[in-house]
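First comes the structure, then the notes that go with it.
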DNA sequence: ATATATACGGAACATTGTTCCGTTTTTCAA
DNA sequence: TTGAAAAACGGAACAATGTTCCGTATATAT
C-alpha cells in the first residue's frame, strides 16, 4: 500500500502551499480590515488570483469559517495550561477573559453567524467540540471547589460571554471585562458563603 | 410672522406623506427580511421610486437609523407606565425584559453600529437621550429600595443587556432571558440581605 | 392660469461576490 | 528525460445591490 492517498494521485504541492498562504493572508486582512474585506483584497495580499480562492473555498463564508476554526483551536489549547498554573476559580476567570478578548476581535462575525448561511452551520458544532469541553473542565473544577452555584449551565454562560464581548467597542475593552465580571458574580450569588 | 417656515415656501404635502409611507414600509421590510433587505424592496413596498428614498435618506443607513429612533421612542415611553404599575425592582426587571425583546429584533444592527458609518454616530446619543434616562429612573427607584448593590453603573448594564440579546438566536429567546436574569442576580450579589 | 421651486422615477454607474474557461503547472509513467 | 493527463491557476465576465443623476411630473404661490 502507498504511503498516503487511496484515490488518484498525490495532492499538488502548489495547491497545499497556496492554501496555507491563503489562510494566513485572510487572517491578516480580517484583522486589519474586518471580516467584510473584499475577496479581491485577500487575493492581492496572498499574491494569488481570485479563482484560486474560490477553488479552495467555494464561498467567501467558507474562508471566514476556516480562519475562525484555527483561532478557536488556539483558544481551546490555552485552557489546560491555565488550569495547570492556577487554582480552579482563578483559572476559570482567566480563561474567560482570554476567550472574551478573542471574541472581541470577531465583532463583524456576529451578524454572519445568525444569517443562516450554510457555511457557518458547522461552526457552532466546532465551537462545541473544541471550546465547550475546554470550558467545561475549568467549570467543573471551580464547581467542585464550591465557589459557584450549581444551577448554571456552563454552555449558556459561554454563549453569554461571547454575546457580551462581540458587541463591545474597540476603545473600551474594560466595559466588556466588567460585564463579564458581573456575570461571574452572578454565578457566585447564592453559592456557599 | 407666518405660522412656521422661515425660509422659502411650505414643505410639499406629497413629500411629507411619502416620508411617512417610507418609514412604515421600511419598518415592515426590516421586520420581515432583516436590516439587510435591498433598498429596492423597500421602494417597491412603499410604492415609490428608489430616487425618492435617497432624497429623504441620502444613505441607506440613514433610513435604518430613522426607523431605529422611532422604536427607541416607543420603548422609552413604556418605562413610566411600568413604574406606575409595579414595585420598583419588578418594574426594573419587566422593563429590561421588554427592552431585551426589542433589541432581540435588531440583530442585524449590531454590526452596522460598530462599522463606523457616520449615519449611526448620532444613534448612541439618541439612545442616551431617550433610553438611558428611562432606565436610570427605574434603576434609581430599585436602588433606593436597597435591593441592588451600589457599585453598578446603570448605563453599562443597559449596554450589556443589549449585547446579550442582540446575538441570541431566534428560536431560543429563553436563553437571552435567563442570561439577563443572571445579570440581575449579579446586581443583587452583595446587596442588603 | 402660469411660473417656479420641489419632488419623483428609474436608468445608469460603481462595488463586490461568484462563475467559467482558456492557460499554466505539477504529477506520473514510459 | 520526456510527454500526456490531471489538477490548479488567473482573471475576464456576470449578477446583485448601493448610489448618483437628470429629465419629467407635481405642488405651491402669485
List, shortest first and in nm to one decimal, how far the label point of residue B:126 (7 Å from Cα along Cα→Cβ) is from its counterparts in the other copies. 3.8
Would you calculate a helix-derived [θ] at 222 nm for chain A, using -39,500 (n - 2.57) for each DSSP H run of n ≥ 4 and dividing by the full residue count, to the nearest 500? -23000 deg cm²/dmol
Assume the label is 7 Å from Cα along Cα to beta carbon: what separations in nm does residue A:188 have to the matching positions in the other copies? 1.7
Sketch the reach of a paramagnetic label on residue B:84 as a point 7 Å from Cα along Cα-to-Cβ, and name the residues of region B:129-145 whose backbone nitrogen lies under 20 Å away. B:130-142
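Can you give the average number of partner chain beta-carbon atoms within 10 Å of each beta-carbon in peptide A:153-159, as a whole number?
Values: counts 2, 0, 1, 7, 3, 0, 8.
Taking all residues of A:153-159 together, the mean is 3.
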Two decimals is fine: what is log10 I(q)/I(0) at q = 0.20 Å⁻¹ for region B:61-180, from a Debye sum with one equal scatterer on every Cα and no solvent? -1.16
If Rh is defined by the Kirkwood formula over all Cα pairs and Rg also comes from Cα, what ratio Rg/Rh do you get for the protein assembly as shown? 1.03
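How big is the convex hull of the Cα atoms of region A:1-104, per residue, in Å³?
It comes to 146 Å³ per residue, whole-number rounded.
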In nm, one decimal, shortest first: how far is the label point of residue B:80 (7 Å from Cα along Cα to beta carbon) from the matching points in the other copies? 6.1
Rounding to the nearest 10 and keeping the result within 0 to 90°, find how far the Cα-based axis of helix B:173-188 lies from the longest principal axis of chain B. 50
Give the average, rounded to an integer, of partner chain Cβ atoms located within 10 angstrom of each Cβ in A:175-183. 5
Euclidean distance between Cα centres, region A:53-108 to region B:57-133, Å: 31
What base-10 log of the normalised intensity I(q)/I(0) is obtained for region A:111-153 from the Debye formula, alpha carbons as equal point scatterers, at q = 0.17 Å⁻¹? -0.61
Could you identify which residue out of B:73, B:151, B:174 has the top mean-square fluctuation in a GNM of chain B using Cα springs shorter than 10 Å? B:151
Taking every residue in B:72-78, how many Cβ atoms of other protein chains lie within 10 Å of its Cβ, on average? 0
Taking only Cα atoms, what is the 0 to 90° angle, nearest 10, from helix A:13-33's long axis to the longest principal axis of chain A? 50
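Readers should treat all values here as calculations from the given coordinates under stated rules, not as data from a laboratory. Small disclaimer: the values here were computed from a predicted structure and weren't measured. Glycine also receives a Cβ, built like all others from the backbone with ideal geometry; neighbour counts cover every protein chain displayed.
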